[in-house]
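Pasting a structure here, questions to come.
Values quoted throughout were computed directly from the atomic coordinates according to the rules given, and no laboratory measurement underlies them. The model shown is predicted, which means the values in this text are computed figures rather than measured ones. Here the Cβ positions follow ideal geometry from the backbone for every residue, glycine too, while neighbour counts run over all protein chains shown.
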Amino acid sequence: MVSFEEARSIILSNVNACGVERVHLQDAVGRILAEDASAPWDMPLWDNSAMDGYAVRSADCAEIPCKLKVTGFLPAGVRADGVTVEAGCAVRIMTGAPTPKGCDAVVPVEETDDGQDLVTLNETVVCGQHIRLNGEDVRAGVVFVRAGTLIRPPEVNMLATFGMALVPVFRRPVVAILSTGDELIELGRTPGPGEIVNSNILSLAAAVQETGAIPRIIGIARDNLESHREMLREGLKADALITSAGVSAGDCDFVRDVLDELGASQLFWKVGVKPGGPTAFALHGTTPIFSLPGNPVSTMITFEEFARPALLKMMGHSHVLRPLFKAVLSEDIKKKPGKIQIVRIRLERENGRWLASSAGNQQTAILRTMVDATALAILPAESTRFKAGEEVDVHFYGSHIDLI
Ligand code: AMP
Ligand code: MG
């Protein structure tokens with residue numbers, strides 16, 4: 001048995017970013033930039049006005065109020081090549097328009113009488129005011145978004161500003177998902193005696209999709225070697241493989257044996273964590289294989305703690321673990337020693353602190369409390385008693401954290 005931390009570090013040291021592809025900027029949000037992006041030109045390209053107002057020479061405006069003759073008009077989108085602000089004059093200018101020759105300040109229209117032929121300035125003018133300087137945001141040649149950065153709307157804006165229509169990003173891995181068990185029936189049928197709906201395959205596909213990777217549902221491996229061979233062989237064609245159930249020590253648990261037969265090498269089996277004890281991890285070439293236990297709660301929690309960080313790493317993310325923070329327990333919790341326990345909780349904000357209360361029955365077969373949980377508490381292996389008022393490590397669960 002490996003510890004929870006060892007399991008994670010074995011997984012993360014054995015997966016790498018997938019290859020690079022170029023996508024349209026419109027499709028790049030949420031992806032990780034795979035190459036440094038450097039500016040092909042200065043931004044701004046030319047000095048320009050930050051306000052609607054008047055381009056002036058600050059030396060003309062030493063005494064306030066001051067009157068200037070308005071000799072021109074520069075709206076946004078024009079060129080200012082032929083325009084000059086002469087002594088004692090002003091040029092009416094709109095935000096974003098290039099500042100004309102001679103001008104060293106822009107006076108906002110609100111600080112004037114808004115005159116058309118003659119304008120009166122009512123406030124002191126400082127040399128340089130309200131002029132955006134050429135290159136002050138980004139200089140040509142400078143890297144403005146580094147490889148490895150998550151592309152959010154601000155990055156999209158800057159990539160667009162510099163004309164990058166196609167963006168190099170890390171590829172999204174195709175993740176094969178299969179479940180095992182003779183008791184499983186497909187969604188759409190009503191279970192009879194001894195049957196349960198193959199719910200894990202859909203919840204795993206949903207979880208894969210939430211990471212940004214591409215789920216590929218392979219189907220159900222029945223509880224015999226031949227069916228396992230066929231399904232696992234198919235699953236190994238993807239960039240990563242996730243299996244549900246059939247990984248314990250039962251008579252019908254064939255996943256690990258068949259993976260071994262197909263040439264995968266197991267890096268661990270059994271982890272010091274509850275739920276999720278029977279989790280196994282193997283590599284087939286460089287393809288990671290996550291064999292997750294079948295109880296729906298265990299499947300989801302082991303996906304969350306082991307598979308999700310790996311898939312994020314494969315997509316180029318550098319922050320692959322959810323941030324842990326402290327929450328105060330609102331009730332006592334007991335646990336057995338020797339294993340990390342992951343507890344389904346609800347979080348509430350109280351007097352500037354997070355308060356954690358149990359989401360209810362913590363048995364692995366109880367799905368309801370997984371639905372009710374908004375976060376997970378990670379209780380250390382050695383401790384056995386946690387008192388109300390004590391602080392524990394927690395992290396959010398799921399991407400829609402505004403549920404709390
Ligand atoms: P196993 O590891 O095969 O013994 O399965 C452990 C438990 O998980 C059993 O109660 C199964 O019925 C349940 N289980 C297995 N596979 C699935 C699945 N695909 N969807 C929902 N429950 C499952
Ligand atoms: Mg089974």
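For the range 298-304, just list the computed ³J(HN,Hα) in residue order, Karplus coefficients 6.51, -1.76 and 1.60, θ = phi - 60°, integers in Hz, with x standing in for Gly and Pro.
Those phi angles translate into 5, 4, 5, 6, 6, 4, 4 Hz.
Could you tell me the distance between the Cα centroids of the range 55-112 and the range 202-223, to the nearest Å?
For the range 55-112 versus the range 202-223, the Cα centre distance is 63 Å.
Rg/Rh for the chain to two decimals, with Rh computed the Kirkwood way over all alpha-carbon pairs.
Working: Rg = 30.9 Å, Rh = 25.6 Å.
Reported Rg/Rh, Kirkwood definition of Rh: 1.20.
For the range 325-403, just the Cα atoms, rotate onto the principal axes and tell me the three extents in Å, largest first.
Result for the range 325-403: principal-axis Cα extents of 34, 31, 18 Å.
Scan around V138 for amide H atoms under 5 Å from its own, H built in the peptide plane at 1.01 Å from N, and keep only partners 5 or more places away or cross-chain.
Those lying under 5 Å, H to H, from V138 are M43.
Then there is this: Would you mind listing how long the range 270-351 runs along its three principal axes, going by Cα atoms, in whole Å with the largest first?
Projected onto its principal axes, the Cα set of the range 270-351 covers 50, 29, 22 Å.
Additional query: Going by C-beta contacts inside 10 Å, put S265, S358 in order with the fewest on the left. Before the final figure, lay out the partial values.
Numbers: S265 11, S358 19.
By the 10 Å Cβ count, ascending, the order reads S265, S358.
Moving to a separate point now. Using every alpha carbon pair in the range 187-265, what percent of pairs falls into each 10 Å bin from 0 up to the bin containing the largest distance?
Calculated over all Cα pairs of the range 187-265, the distribution is 16, 46, 33, 5 percent.
Stokes-Einstein D for the range 109-201 at 4 °C, 1.567 mPa s, Kirkwood Rh over Cα pairs, in µm²/s?
On the way: Rh = 20.9 Å.
Result for D is 62 µm²/s.
Kindly list the residues of the range 16-37 that lie in the label zone of N157, defined by a backbone N under 12 Å from the point 7 Å along the Cα-to-C-beta vector.
What the label zone holds, given the 12 Å backbone N cut-off, is no residue at all.
If neighbour count is taken as other Cβ atoms inside 10 Å, put E210, E155 in order from fewest to most.
Values: E210 15, E155 20.
Final ranking by Cβ density, sparse to dense: E210, E155.
Also, I was wondering about something else. Evaluate the relative contact order of the chain (contact order divided by residue number), counting alpha-carbon pairs under 8 angstrom at least 6 apart; express in whole percent. Don't jump to the answer; show the numbers that get you there.
Values: 931 pairs, mean separation 64.4, N = 404.
Relative contact order here is 16 percent.
Follow-up question, since we're still on this one. Highest first, please rank the peptides 193-201, 284-292, 116-124 by the mean number of other Cβ atoms sitting within 10 Å of their residues.
On the way: 193-201: 16.1, 284-292: 20.4, 116-124: 14.1.
Ranked from most to least packed, the peptides come out as 284-292, 193-201, 116-124.
Something else: Going Cα to Cα from K69, which aspartates and glutamates come in below 19 Å? Please leave out same-chain ones fewer than 8 positions away.
Within the straight-line cut-off, K69 pairs with D52, D60, E86, D104, E110, E111, D113, D114, D117, E123.
Report the label-to-label distance for D27 and L166 in nanometres (one decimal), using points 7 Å from each Cα along the Cα→Cβ vector.
The modelled label-to-label distance comes out at 1.2 nm.
Shifting gears a bit: Please state, rounded to one decimal and in Å, the Kirkwood hydrodynamic radius that the range 61-106 gives when every pair of distinct Cα atoms enters the mean of 1/r. List each step's numbers first, then the result.
Details: mean 1/r = 0.0906 Å⁻¹.
Taking every pair of different Cα atoms in the range 61-106, averaging 1/r and inverting gives 11.0 Å.
Report, for the chain, the % of DSSP beta bridges that are antiparallel, rounded to 5.
On the way: 55 of 85 bridges.
The antiparallel fraction comes to roughly 65 percent.
From the phi of every residue in the range 288-296, what ³J(HN,Hα) in whole Hz does the Karplus formula 6.51 cos²θ - 1.76 cosθ + 1.60 yield, where θ is phi - 60° and glycine or proline is x?
With coefficients 6.51, -1.76 and 1.60, one gets x, 10, 9, 9, 9, x, x, 4, x Hz.
Percentage of Cα-Cα pair distances in the range 162-232 greater than 15 Å, rounded to whole percent? Mind dumping the intermediate values first?
On the way: 1564 of 2485 pairs.
Tail of P(r) above 15 Å: 63 percent of Cα pairs.
Length gain on complete extension for the stretch I378 to I10, per 0.36 nm per residue less the alpha carbon to alpha carbon distance? Walk me through the intermediate numbers first.
Values: separation 368, 0.36 × 368 = 132.48 nm, distance 1.93 nm.
In short, 130.6 nm is gained.
Another question, then. Could you pull the Rg and Dmax for the range 241-315, using just the Cα atoms, both in Å?
My reading of the Cα-based Rg and Dmax gives 11.6, 37 Å.
Using the beta-carbon distance between T190 and Q116 and R0 = 56 Å, what value does 1/(1 + (r/R0)^6) give for FRET efficiency, to the nearest 0.05? Please report the intermediate quantities before stating the final value.
Working: r = 79 Å, r/R0 = 1.41.
That pair, T190 with Q116, gives E of 0.10.
Springs between alpha-carbon pairs under 10 angstrom, Gaussian network model over the chain: which of R229, R308, R172 fluctuates most?
Answer for the Gaussian network model of the chain: R229.
Out of residues 5 or more away from L267 or on other chains, whose amide H comes under 5 Å of its own, with H placed 1.01 Å from N in the peptide plane?
F281, A282, L283
Shifting gears a bit: Using the number of other C-beta atoms within 10 angstrom as an exposure proxy, rank Y54, Y397 with the fewest first. Walk me through the numbers on the way to the answer.
Details: Y54 29, Y397 22.
Ranking Y54, Y397 by Cβ neighbours within 10 Å, fewest first, gives Y397, Y54.
Take the chain, connect every pair of alpha-carbon atoms lying under 10 Å apart with a spring to form a Gaussian network, then pick out the residue of V167, V23, V175 with the largest mean-square fluctuation.
Of the options given, V23 has the highest mean-square fluctuation.
Based on Cα positions only, what radius of gyration and what Dmax would you give for the range 48-132, in angstroms?
Both quantities, over Cα of the range 48-132: 10.9, 33 Å.
When we measure straight from the Cα of K387, which lysines land under 27 angstrom away, once same-chain ones fewer than 8 places off are left out?
The reachable lysines, counting only those whose Cα sits under 27 Å from K387, are K274, K326, K334, K335, K336, K339.
Now, a different point. Using the Karplus equation 6.51 cos²θ - 1.76 cosθ + 1.60 (θ = phi - 60°), what ³J(HN,Hα) coupling, rounded to whole Hz, does each residue of the range 11-18 give in order, writing x for Gly and Pro?
4, 5, 7, 10, 10, 9, 4, 5
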